[in-house]
1. Which of the following residues is under 27 Å from residue 705 (Cα atoms) and touching a helix residue (DSSP H, G or I) at 6+ places or on another chain (Cβ under 8 Å): 502, 463?
2. For segment 660-673, which positions are surrounded by 13 or more Cβ atoms within 10 Å (Cβ to Cβ) and assigned to a helix (DSSP H, G or I)?
3. Might you let me know whether segment 458-473 holds any residue that is touching a strand residue (DSSP E or B) at 6+ places or on another chain (Cβ under 6 Å) and surrounded by fewer than 24 Cβ atoms within 10 Å (Cβ to Cβ)?
4. Scan segment 213-246 residue by residue and report those that are in a helix (DSSP H, G or I) and exposed (fewer than 14 other Cβ atoms within 10 Å of the Cβ).
5. In segment 576-587, how many residues are modelled with pLDDT of 80 or more and under 17 Å from residue 269 (Cα atoms)?
6. Where in segment 393-461 are there strands (runs of 3 or more DSSP E), lying wholly inside it, with at least 3 residues that are at pLDDT 75 or above and within 26 Å of the chain's Cα centre (by Cα)?
7. Restricting attention to segment 640-657, does a residue exist that is assigned to a loop (DSSP other than H, G, I, E, B), without any contact (Cβ under 8 Å) to a residue 24 or more places away in the chain and either out of contact with any strand residue (DSSP E or B) (no Cβ under 7 Å at 6 or more places or on another chain) or within 26 Å of residue 228 (Cα to Cα) (or both)?
8. What helices (runs of 4 or more DSSP H) completely inside segment 504-576 contain at least 2 residues that are under 21 Å from residue 238 (Cα atoms)?
């Protein structure tokens, strides 16, 4: 008799309560010996549990002998029992009645399972599965009381390669016989040459191919004024100054757009903007958990400024340890370790993998059939070792404006348990991309980082490419941007795959990714297009984005704040400085953020339909002080003669909207100036007219839009 035959015979005796002390010791030795024995044992428990508990709930008739016959089939010594045979066994099980003796035996089985898994001498149970399979341990709810059961060391197990357990073309959903296709999301396109110009040209080719296939004519190229404003807004988070816009428009350099983009992607202002965006994504604007926002922003700023690999940044955020004030990356997980680290699980999957798994915390996804409940909990198991502690103020040795937290791993192992909708508890170990960890791994989060880097589907790269494309165009290839999967097809799958593979091949180079997208023809198109053509490419009305024009969209609150400062400052001739981290900016932005106070740390950004009036009225006192000063400076520079009226208007138009004033705007401005000169000196009249026009520009929908 080989080891697995012996193990399954002992397991059968164990479930029937007829295992002696010597036989129990022998079974534990076999379980410790290798992973294949554990896999066979888990298979046996799954089948045995399904037979016992499902048969007891069905109104069918039969004899105890028939039930024993079915159990004999289920507990056969063949460890490679196919799922088709399991389904046949389940059908036969439904034909028998679970009478009192068998029900008592099932209850004993449940108690035995809970006792055995909790024994300090028991062997680690490894749950092996491919994505979508159900190689799991199922026990009744009352069988296990603790959520994390410590398991013994198992003698040098390595992460298991989970391939070949079932047919790779199909997977069986839990508790059902329906087969669900397994769709691979691994990019199939090979990037032969990683040259910036070549990559940008391929983006253009694939987009033009899409336009031809959809019979749509792209918009004309954006004018320099429109394009320079858009480039600064997207990359640096603010509009261009009057001087920056004027210098760019007046330049005769044929490659000026390419040169500007090359400079902006490496600019500190772009690094600051990316750090702000990702600080908001990682912990939120309202910071309900009181972590160190500034330290996290400083860490991200350093990573982006140094153009560190995005995979490296993700790895540091996930595997971080240390103090919140010294290791800024720790603040990400410190903000989400509440409620058994379920927020950490959901946010990690959503931001770094582009997968919304929060719904699967309690049940399989109702629409995305490939997303199962155990996917959430196998990812959650990576964070079970992570603990948060607070450092005493006396130990810090200085006055603390906020608490100082520590993030560390306990190093303990154990199985994670969760309850499904049927009232069963399921047992899982950390698993990602088809690999399940053993209990010997001292740092599960560090191992998760390794698995993310080795992922053949390049989920981290795909998620960032989709989000970065959305940052430039307002829409990603798949929308929402953080919900990738077969249930949410990409608008341009070939282009999506190509950019993903190029990003991977560049070693997750963020600056090159931004450079490729910004140098594409699509980013250089105008937001103006014929109405009949625009109707064919209107994602705002629910259509698929074809990126045949620039889609206008409202600024975010940080963009509005910095653009107001930039407009007034450049018109007034003041030097530009960064507002990031200032208390005024933080308080101003938080006016529009609502923290829901849920266990998932959710918050929303509440901006009304008339964003410009709402924001300006709420910040009226600051603007009332700043705008007259700016208008006075303009009138001093341009003078107060009738000939200088156009110069004054041009200065404020370039400073606020980054374009020349229209003929209608100039007519309105001159009429206002003439009216004022009837009752005011020319110098006061030009200053007042400039002030009025500056208010009008800043309060326009054009000012607060990205277009």
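The values are calculated or read from the model by the stated rules, or taken from the named source; none is laboratory data. Everything numeric in this text was worked out from a predicted model, so none of it was measured. Methodologically, a virtual Cβ is constructed for each residue, glycine included, from the backbone with ideal geometry; neighbour enumeration extends over all protein chains shown.
1. On the way: 502 fails: under 27 Å from residue 705 (Cα atoms).
The conditions single out 463.
2. The initial filter retains those residues of segment 660-673 that are surrounded by 13 or more Cβ atoms within 10 Å (Cβ to Cβ), namely 660-661, 665-666, 668-670, 672-673.
Hits for segment 660-673 are 665, 666, 668, 669, 670, 672, 673.
3. Initially, segment 458-473 is screened for residues touching a strand residue (DSSP E or B) at 6+ places or on another chain (Cβ under 6 Å), giving none.
Scanning segment 458-473, I find no residue that is touching a strand residue (DSSP E or B) at 6+ places or on another chain (Cβ under 6 Å) and surrounded by fewer than 24 Cβ atoms within 10 Å (Cβ to Cβ), so the answer is no.
4. Pass one, segment 213-246, residues in a helix (DSSP H, G or I): 213, 224-236, 242-246.
Correct list: 213, 243.
5. 4
6. Details: elements: 404-409, 415-419, 424-428.
The strands (runs of 3 or more DSSP E) meeting that bar are 404-409, 415-419.
7. Kept after step one, since they are assigned to a loop (DSSP other than H, G, I, E, B), are these residues of segment 640-657: 640-641, 657.
Now narrow it down to the ones that are without any contact (Cβ under 8 Å) to a residue 24 or more places away in the chain: none.
The answer is no; no qualifying residue exists.
8. Values: elements: 510-518, 531-534, 557-571.
Filter on segment 504-576 gives 510-518, 557-571.
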